[in-house]
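Undergrad: Mind having a look at this structure? Questions to follow.
The values are calculated or read from the model by the stated rules, or taken from the named source; none is laboratory data. It should be emphasised that the depicted structure is a prediction, and the values quoted were computed from it without experimental measurement. Because the Cβ atoms are built from the backbone with ideal geometry, glycine has one as well, and the counts that use them run over all protein chains shown. Only protein heavy atoms, including side chains, enter the accessible area calculation; ligands, DNA and RNA are left aside. Shrake-Rupley method; radii C 1.70, N 1.55, O 1.52, S 1.80 Å.
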Amino acid sequence: MTRILVLGGTAFLGREVARQAVTAGYDVTCLARGSAPPPEGVMFVAGDRDEDDGLHAVAGHRWDAVVDVTLHPVHVHRAVRDLETDHWVFVSTANVYEPGAGLDESAPLLEPFTGERMSAMEEYGPAKVACEEAYRQSGRTATIARAGLIGGPGDVSGRSGYWPWRFAHPVHPGHPMHPMHHHEYGEAGQRAEGALPEVVVPDDPDYPTALIDVRDLAGWLVRAATEKLDGAYNVTGPTVPLGQALAAAAEAAGSRARPRPIPPARLAELGVSGWMGPASLPLWIDDPALRGFGTLDTRRAVGSGLVTRPLVETFRDVLPFEEARQDPRRCGLDDADEARVLREA
Ligand SMILES: NC(=O)c1ccc[n+]([C@@H]2O[C@H](COP(=O)([O-])OP(=O)(O)OC[C@H]3O[C@@H](n4cnc5c(N)ncnc54)[C@H](OP(=O)(O)O)[C@@H]3O)[C@@H](O)[C@H]2O)c1
């Protein structure tokens, strides 16, 4: 039986990889510290990779493939040193590339990080480059999966959930503490006292977005593990203009709210940024250097079996997760900011 070790497996992507691998009938072990439970049906082994002997409990076994999501080169050095496997699957990122548009896997990479553990976001891309190099130089085959933005159920960042959530819960500009709900505007789409509700969106409809559903990425990673796909692969969703992506979010939410496009410069004046963080509009960023992030050339992954579902499906499925979340979203405008921007823009 095919034996797969997932280093991680208790969080968003690694967990979905483990879940799908179990469902496909593979023998799956997950090693993590145990911050959250792994999926049912896996063998869970507790281990802390920050410790030099953190992989002790899974060393001495032979694995058909090891899947790793780490950010820290020292974790990779220890995996290469301690584990016996035929094949690695390393989840990397599009942040390894020097900024550009339409990049394929041969595009130039950033200089690798030389430290053991990354600690600041500027080190993220370089740290992943160093991790990639360590796996590629291990003498075994390695799938290097360079993922773009990952979304769908379980996306705690809120970057994929914000837009369908906001379209499902537009605010009334005069009453920020009273978000509107579907029942407040009927089939005709008219609110008793006025026009359709509005949602703040960047006036940048052609901005190229790309989002991959965690379930599609995980499915491809399991395939990469069992087929031992060797080399680098850009693995993200197709490029979709922002205007179309937001229309898909509104459709997924069954919303009649209308987008209210606001020029990026005005958003900045109102304290609204892009991508992530407090008062930010996700899937988008007003930075020419990052405009190519959603334009990766994914033909190699598609040619090796990557199938991505329509964006509207991801938005539809992430909405209940977003509506049920207890922890604060790490992006988007809260109701007070949304109302303020609608009033002041
Ligand atoms: N989100 C995005 O849009 C995006 C975009 C591009 C690429 N990526 C990449 O996609 C991957 C996401 O993976 P994910 O969602 O599964 O991971 P994650 O949220 O980064 O979680 C890390 C996993 O590793 C485990 N872990 C962390 N520190 C550990 C330690 N010291 N010892 C042992 N285990 C440890 C965690 O479990 P415990 O806490 O239980 O130990 C968890 O299972 C990452 O590689 C990320 O860089 C993400």
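Undergrad: Go through the range 60-103 and give me each residue that's touching a helix residue (DSSP H, G or I) at 6+ places or on another chain (Cβ under 7 Å), open to solvent by 40 Å² or more (accessible area, probe 1.4 Å) and more than 13 Å from the ligand (Cβ to nearest atom).
TA: Matches in the range 60-103: H77, P99, A101, G102.
Listed here are the residues, each with its yes/no results for (1) crowded, with 22+ Cβ neighbours inside 10 Å; (2) aromatic (F, W, Y); (3) touching a helix residue (DSSP H, G or I) at 6+ places or on another chain (Cβ under 6 Å).
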{"position": "G243", "(1), (2), (3)": "no, no, no"}
{"position": "A249", "(1), (2), (3)": "yes, no, yes"}
{"position": "A253", "(1), (2), (3)": "yes, no, yes"}
{"position": "R256", "(1), (2), (3)": "no, no, no"}
{"position": "P263", "(1), (2), (3)": "no, no, no"}
{"position": "E269", "(1), (2), (3)": "no, no, no"}
{"position": "S273", "(1), (2), (3)": "no, no, no"}
{"position": "G277", "(1), (2), (3)": "no, no, no"}
{"position": "L281", "(1), (2), (3)": "yes, no, no"}
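Undergrad: Continuing with this model, one more query. Any chance the range 34-55 includes a residue that's at pLDDT 95 or above and assigned to a helix (DSSP H, G or I)?
TA: no
Undergrad: Do we have A57 as more than 8 Å from the ligand (Cβ to nearest atom), in contact with a helix residue (DSSP H, G or I) (Cβ under 9 Å, 6 or more places away or on another chain) and either over 25 Å from E116 (Cα atoms) or small (G, A, S) (or both) here?
TA: On the way: more than 8 Å from the ligand (Cβ to nearest atom): yes; in contact with a helix residue (DSSP H, G or I) (Cβ under 9 Å, 6 or more places away or on another chain): no; either over 25 Å from E116 (Cα atoms) or small (G, A, S) (or both): yes.
No.
Undergrad: In the range 229-241, which residues are among the polar types (S, T, N, Q) and open to solvent by 10 Å² or more (accessible area, probe 1.4 Å)?
TA: Within the range 229-241, just T239 meets the criteria.
Undergrad: I need a count of the residues in the range 1-42 that are open to solvent by 50 Å² or more (accessible area, probe 1.4 Å) and away from the ligand (no atom under 13 Å from the Cβ).
TA: Result for the range 1-42: 8.
Undergrad: Moving to a separate point now. What tally of residues in the range 121-149 results from selecting those that are open to solvent by less than 30 Å² (accessible area, probe 1.4 Å) and either in contact with a Lys or Arg (Cβ under 8 Å, 6 or more places away or on another chain) or not basic (K, R) (or both)?
TA: 17
Undergrad: Can you pull out every residue in the range 43-59 that is of a type in the set (V, I, T) and buried (at least 21 other Cβ atoms within 10 Å of the Cβ)? Reasoning before the result, please.
TA: Let us first name the residues in the range 43-59 that are of a type in the set (V, I, T), namely 45, 58.
Selection gives V58 alone.
Undergrad: Since L306 meets every condition but one in (1) surrounded by fewer than 21 Cβ atoms within 10 Å (Cβ to Cβ); (2) within 17 Å of V214 (Cα to Cα); (3) not acidic (D, E), which condition does it not meet?
TA: (1)
Undergrad: Within the group G115, G139, G154, G125, which residue is assigned to a loop (DSSP other than H, G, I, E, B), within 12 Å of the ligand (Cβ to nearest atom) and modelled with pLDDT of 95 or more?
TA: Going through G115, G139, G154, G125 in turn, the sole match is G154.
Undergrad: For L342, state whether it is touching a Pro at 6+ places or on another chain (Cβ under 7 Å), open to solvent by less than 30 Å² (accessible area, probe 1.4 Å) and of a type outside the set (F, W, Y).
TA: The answer is yes for L342.
Condition check ((1) closer than 16 Å to Y162 by Cα; (2) in contact with a strand residue (DSSP E or B) (Cβ under 8 Å, 6 or more places away or on another chain); (3) small (G, A, S)) across all residues:
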| residue | (1), (2), (3) |
| --- | --- |
| D216 | no, no, no |
| W220 | no, yes, no |
| A224 | no, yes, yes |
| V235 | no, yes, no |
| A248 | yes, yes, yes |
| A252 | yes, no, yes |
| A257 | yes, yes, yes |
| R260 | yes, yes, no |
| A265 | no, no, yes |
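Undergrad: Let me ask something additional. Among the helices (runs of 4 or more DSSP H) lying completely within the range 238-345, list those that include at least 1 residues that are under 19 Å from the mean Cα position of the chain (by Cα). Spell out how you get there, then give the answer.
TA: Values: elements: 242-252, 264-269, 299-303, 311-324, 335-344.
So the answer is 242-252, 299-303, 311-324.
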